[in-house]
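Below is one structure, written out as structure tokens, with a few remarks after it.
FYI, it's all coordinate maths here, none of it is from the lab. Model, not experiment: these values are computed from the prediction. Cβ: placed from backbone, ideal geometry, glycine included. Neighbour counts: every protein chain shown.
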Amino acid sequence: SILAPAGMAHTQTRDLLEGASTVVPWSHSGTVDDDDDAIGDKEFHGPPDLEDTDVIIRPGRWGNPLVVEKYKLVFFAIPKVACTEWKLLFRRILGFSPDWDPEISIQLLHNPSYNGLTYLSSYTKEEAQEMLTSEDWTRAVFVREPKERILSAFLDKIVVNSSFFKLHCCNEKRMGLSDPKARDYCNSRTNAEDFSYFLKRTLDCPN
């Protein structure tokens with residue numbers, strides 16, 4: 001399987017996919033003999049073991065990897081990279097209706113306690129380790145050109161409907177904005193559809 005980091009541009013992803021046939025798997029006993037400067041003669045001792053504190057196995061976390069046991073697939077959904085469509089597809093694979101009830105908030109599709117999907121955190125640490133390292137399992141992630149992704153987030157969370165941004169990023173309790181002026185400024189910049197302010201807040205407001 002091929003995993004690409006969330007910030008990888010589409011050209012890099014293309015190069016990675018084109019060179020997939022030469023990707024060297026983990027070695028548990030020696031070194032990787034490769035002329036590529038990016039790898040060199042570095043030693044690989046296998047993937048690290050999961051720890052209890054690793055966020056991808058933390059129960060209830062919305063961003064945890066999805067698991068489709070039928071196809072031995074672990075899928076890493078990334079916000080603003082068609083994650084809604086992927087989750088609808090996985091629900092369909094599991095036998096749910098292919099359509100989401102328009103009377104129900106689409107936000108609930110991303111809620112692990114409601115959407116009916118299976119997450120990596122549903123398994124024991126040992127089972128999750130096997131899924132993440134076994135050659136019998138496929139791990140997959142899709143990425144998006146970073147500029148398009150941040151623009152999509154801005155249009156969706158600020159221009160079209162700013163309630164989510166205000167709830168998570170202008171909220172006193174969530175963000176520690178004890179100063180009412182800071183909260184009011186956040187709301188005013190959001191109402192003004194300030195793209196520069198939005199970019200700055202992506203650094204301290206992970207939602």
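Below 11 angstrom from the Cβ of Ile78, what's the summed charge of the other residues (Lys, Arg +1; Asp, Glu -1)? Neighbourhood net charge equals +3. Derived scalar couplings between HN and Hα for the stretch 134-150 equal 5, 5, 6, 10, 10, 10, 9, 8, 10, 10, 9, 3, x, 5, 5, 5, 5 Hz in order, rounded to whole Hz, by the Karplus curve 6.51 cos²θ - 1.76 cosθ + 1.60 (θ = phi - 60°), x for Gly and Pro.
Counting only lysines at least 8 places from Lys200 when in the same chain, those with an alpha carbon closer than 28 Å to its own are Lys80, Lys147, Lys157, Lys166, Lys173, Lys181. Highest mean packing first, where packing is the average number of other Cβ atoms within 10 Å per residue, the peptides 101-109, 113-121, 184-192 line up as 113-121, 184-192, 101-109. In order along the stretch 78-84, the Karplus-derived 3J(HN,Hα) couplings, from 6.51 cos²θ - 1.76 cosθ + 1.60 at θ = phi - 60°, round to 10, x, 6, 10, 6, 5, 5 Hz, and Gly and Pro are given as x.
With a Förster radius of 45 Å applied to the beta-carbon distance between Asn171 and Ser134, the computed FRET efficiency rounds to 0.65.
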